Each structure stands twice: as C-alpha cells, then as structure tokens.
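Some notes on the structure that comes next.
The values are calculated or read from the model by the stated rules, or taken from the named source; none is laboratory data. These numbers come from a predicted model, not from an experiment. Heads up, the Cβs are rebuilt from the backbone with ideal geometry, glycines too, and the neighbour counts pull from every protein chain shown. In case anyone asks, the SASA skips ligands and DNA or RNA and just uses the protein heavy atoms, side chains included. Shrake-Rupley method; radii C 1.70, N 1.55, O 1.52, S 1.80 Å.
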Amino acid sequence: MSALRLANITKSFGAIHALTDVSLAIEPGEVVGLMGDNGAGKSTLVKVIAGNFAPTSGELFLSERRVEFHKPLDAQRAGIEVVYQDLAICNNLSAASNVFLGRELTRQIGPFQIIDYAGMRNRAAELFARLKSETRPRDLVKRMSGGQRQAVAIARTLLSDASIVLMDEPTAAISVRQVAEVLNLIRHLRDHGIAVVLISHRMPDVFEVADKIAVLRRGRLVASKKAADSSAEEVTGLITGAIEMA
Ligand SMILES: Nc1ncnc2c1ncn2[C@@H]1O[C@H](COP(=O)(O)OP(=O)(O)OP(=O)(O)O)[C@@H](O)[C@H]1O
Ligand SMILES: [Mg+2]
C-alpha cells in the first residue's frame, strides 16, 4: 500500500500552471528524488502535499485513504513533516528545545505545570543517538554545523512519528562533509520505514540515496522510474527537454 499517492494533481496560480495532472505513488521506506529545473513546480508539489496549498484539482491519498488538507497542521497531524532549506529552527535555543519546539514536555509539581527540560534532553539524546549524530541536547543551534542542524530537524520528524518526510533542497547551502551527514540521515529515515521526498539540484546526492527518480518539467511529470534504471545523463535530458519522456 502506497504511503502517499497523488492522483492527477493540478495547481494553477491564475494563468500560471505550476502543476498539470501529476500522478505519483510513494511507498513506505522509499526515497524519491524529485528533480526539475527552476520553476518546474517542485516546491509547489511539496506545498500541496504539506497542506500549504489546496490543489486546483486532483486527489491525495495516504495509505489509500483520501485526504484533504486545509492547512499545514492538517498534514502534520496526518504524519507529513517538511524539512525546509532554512530548517525553521531557532538559533538562540538548544538542540533539545528545538526538537520539542511547540510540543514541549511538561511535568506537574503540585498545582504547577512546569516544562520538563530534563525529560526533553533525555528524549532528544535518544533521538540523536538513533540518528548516529554527534549533536548533544544542550548544544546551541547557532554554534552548530549545517549537518547538525539537519539532525535537529530530522529528530523533530522522528518525534512526531511522521510517515512521510519532504525535504526541499536540504543540501543546497552546506559543506561536502555535512552533505554526507544529511544523506546518512535520509537513509536512517528510510530504514525506519519513512517515505522521503528529496528535492535537490545536486545530481550525485540524489543518485546516492534515491530509490526512485521523479522529474518535473514545466509542471508535468515526465519521468518516474527506478534510480537504478536511469542515469545522470538521462535525468539531465529529461530536465532540459532534450529527452521528452522516460
Ligand atoms: N504563490 C505563488 N503565486 C504565484 N505563482 C507561484 C507561486 N508559487 C509558485 N509559483 C509559480 O509556479 C511555478 C513553479 O514554481 P515552484 O516554486 O514550484 O518551482 P520549483 O521547481 O520549486 O523551482 P526552484 O528550483 O527554483 O525552487 C513558477 O512559475 C512559479 O513562479
Ligand atoms: Mg523550489
């Protein structure tokens, strides 16, 4: 049963057809590399899945159950997490506080409800250990590397029990070593049965982790195939239009 299935998704902004008739299935534990030129519709597709935009037409299914999201929280509650390029984390807080941002653990002491910092640190430490990340719960995010920040963002997705993680250009602005760390984190998510959609312009990153490659051109899906049956040359051709469809 597909973790996520898009059926004939179309999204227009006035006269602009950002997505036209996109149908795509993503299995549990599958990593899909979503590629396409600037303006091809990748971020729009992520935003439709994440509940930021309602599609103009078409349907979304989670485990073959039809869903309609009216806001991002609807998608989050259904098990969809998004890791944006800027990661939306707070620089002046610790790693643990960021992992629990908006869903802090609390403890009751007599009549008082207090924030359970020790509990959050312990749980965050478990998550970082599971991700094999060297991030420590007390570390301040502003002193962290890009890869460690990714670990924080991904620990949030583990905490929320997400079944689908959408990553829009997570490796665009970080160093080579940190990219390797992010790719490892993606493998961990996959090994936990989580479906991952990775948007990236970096062909080697995509081919390193993706099971499936999906290519958008001018809002249309021109390919959806096993990475093992494709190549960087073919994908480049599909992105530019030198190859019509595959
Ligand atoms: N909120 C919006 N209002 C109007 N047009 C939009 C909006 N969001 C996206 N578009 C248009 O939809 C098309 C697809 O944009 P989108 O951001 O999805 O592309 P992309 O594949 O993510 O590109 P990039 O690689 O540059 O991030 C573009 O023509 C863009 O200008
Ligand atoms: Mg984009």
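The C-beta contact set for the range 139-160 (first residue charged (D, E, K, R), second residue in a helix (DSSP H, G or I) and open to solvent by less than 10 Å² (accessible area, probe 1.4 Å), distance under 6 angstrom, 6+ apart or interchain) comprises ASP139/ALA95; ARG156/VAL99. Of the residues making up the range 20-48, those that are within 8 Å of ligand 1 (Cβ to nearest atom) and in contact with a helix residue (DSSP H, G or I) (Cβ under 8 Å, 6 or more places away or on another chain) are GLY36, ASP37, ALA40. Here LEU73 meets the list (1) aliphatic (A, V, I, L, M); (2) within 16 Å of ligand 1 (Cβ to nearest atom); (3) surrounded by fewer than 22 Cβ atoms within 10 Å (Cβ to Cβ); (4) assigned to a helix (DSSP H, G or I) almost entirely, failing just condition (2). Of the residues making up the range 165-201, those that are open to solvent by 40 Å² or more (accessible area, probe 1.4 Å), within 16 Å of ligand 2 (Cβ to nearest atom) and modelled with pLDDT under 85 are ALA172, ALA173.
Filter the range 19-43 down to the residues that are small (Gly, Ala, Ser) and under 16 Å from LEU60 (Cβ atoms), then identify the one that is farthest from the chain's Cα centre (by Cα). For the range 19-43, the residue satisfying everything is SER23. Among the residues of the range 22-59, the ones that are assigned to a strand (DSSP E or B) and either crowded, with 22+ Cβ neighbours inside 10 Å or within 16 Å of ligand 2 (Cβ to nearest atom) (or both) come to 7 in all. Residue count for the range 189-234 satisfying the condition of being more than 17 Å from the chain's Cα centre (by Cα) and among the acidic types (Asp, Glu): 3. Applying the criterion of being part of a strand (DSSP E or B) and among the hydrophobic types (A, V, I, L, M, F, W, C) to the residues of the range 1-21, the residue that is surrounded by the most Cβ atoms within 10 Å (Cβ to Cβ) is LEU19.
Restricting the first member to the range 107-120 and to residues that are open to solvent by 100 Å² or more (accessible area, probe 1.4 Å), and the second to residues that are part of a strand (DSSP E or B) and among the basic types (Lys, Arg), the beta-carbon pairs closer than 8 Å and six or more apart or on different chains are GLN113/ARG107. Determine whether the range 87-95 contains at least one residue that is touching a strand residue (DSSP E or B) at 6+ places or on another chain (Cβ under 8 Å), within 15 Å of ligand 1 (Cβ to nearest atom) and modelled with pLDDT under 95. Checking the range 87-95: not a single residue is touching a strand residue (DSSP E or B) at 6+ places or on another chain (Cβ under 8 Å), within 15 Å of ligand 1 (Cβ to nearest atom) and modelled with pLDDT under 95. With respect to the conditions (1) in a helix (DSSP H, G or I); (2) within 22 Å of the chain's Cα centre (by Cα); (3) surrounded by fewer than 17 Cβ atoms within 10 Å (Cβ to Cβ), ARG103 falls short on a single one, namely (1).
Tell me, yes or no, whether the range 174-188 has at least one residue that is among the charged types (D, E, K, R), away from ligand 1 (no atom under 16 Å from the Cβ) and under 11 Å from LEU131 (Cβ atoms). Among the residues of the range 174-188, at least one is among the charged types (D, E, K, R), away from ligand 1 (no atom under 16 Å from the Cβ) and under 11 Å from LEU131 (Cβ atoms), which makes the answer yes. Looking only at the range 126-173, residues that are touching a Gly at 6+ places or on another chain (Cβ under 8 Å) and within 16 Å of ligand 1 (Cβ to nearest atom) come to 1 in all.
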